[in-house]
Amino acid sequence: MSNDNELMFKVKSGEIDKLGLLYERYKKMLFAYFFRSTNDRYTSEDLVQIVFTKILTYRHNFSGTGKFTTWMYRIAYNVSIDHFRKNQRYQMHGELNEMSAVDEQTPEIATLQNEQIQLLHKALAALSHENRTVLLLSKFQKLKYKEIGHILDCSENTVKVKVFRALSDLKKNYNLLEKS
């Protein structure tokens, strides 16, 4: 199996069909990234398609000096910025992601967990786009701070500070929502 950079170089050299392999590898990851930000299945699917369209369009810019996924997430980050600029009024749509799955528990515990998850979604939605993105990339997509730095065009230490501040803001938002 070819590695991602090799596949992308093949796409860059004209073997467009190889993009399908990259799409199959990363469509679920990108969908999860967008879904955690938009909480809308259809929008997330559209944004994944836009990312791969841009990968095809800008394939000549791929240098291979870093990981393909870092380059892909940089494109995804820009796509999400464009999306949220077009849709200034960001609203969560009520669908819960896979975090809302509950094990077999008492109805009281399940209800409490669902309420906490909904509060967490609301607290996450109340964050600035940058803070939400930093948390999604670090905590949900499990990217390293160095990779996030490449995506956001900043240093690894700056990413650490951004994650710390975003977590602090998330905690404040959650506590305010919990009290109301």
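Considering only residues in segment 50-102 that are modelled with pLDDT under 85 and among the aromatic types (Phe, Trp, Tyr), the one that is surrounded by the fewest Cβ atoms within 10 Å (Cβ to Cβ) turns out to be Tyr90. Scanning segment 139-173 for residues that are buried (at least 18 other Cβ atoms within 10 Å of the Cβ) and more than 19 Å from the chain's Cα centre (by Cα) returns a single hit, Asn173.
Any residue at all in segment 7-24 that's farther than 22 Å from Asp82 by Cβ, acidic (Asp, Glu) and in a helix (DSSP H, G or I)? There is at least one residue in segment 7-24 that is farther than 22 Å from Asp82 by Cβ, acidic (Asp, Glu) and in a helix (DSSP H, G or I). Exactly one residue among Thr133, Thr111 is assigned to a helix (DSSP H, G or I) and either among the small types (Gly, Ala, Ser) or modelled with pLDDT of 75 or more (or both), and that residue is Thr133. In segment 16-39, which residue that is of a type in the set (Gly, Ala, Ser) and under 17 Å from the mean Cα position of the chain (by Cα) is surrounded by the fewest Cβ atoms within 10 Å (Cβ to Cβ)? That would be Ala32. The number of residues in segment 40-49 being surrounded by fewer than 18 Cβ atoms within 10 Å (Cβ to Cβ) and closer than 16 Å to Met72 by Cα comes to 3. Selection of segment 154-170 for residues being out of contact with any Phe, Trp or Tyr (no Cβ under 7 Å at 6 or more places or on another chain) and touching a residue at least 24 places away in the same chain (Cβ under 8 Å) yields Lys162, Val163, Arg165, Ala166, Leu167, Asp169, Leu170.
The values are calculated or read from the model by the stated rules, or taken from the named source; none is laboratory data. Worth saying up front: this structure is predicted, and the values here are computed from it rather than measured. Note: ideal-geometry Cβ built from the backbone for every residue, glycine included; neighbour counts use all protein chains shown.
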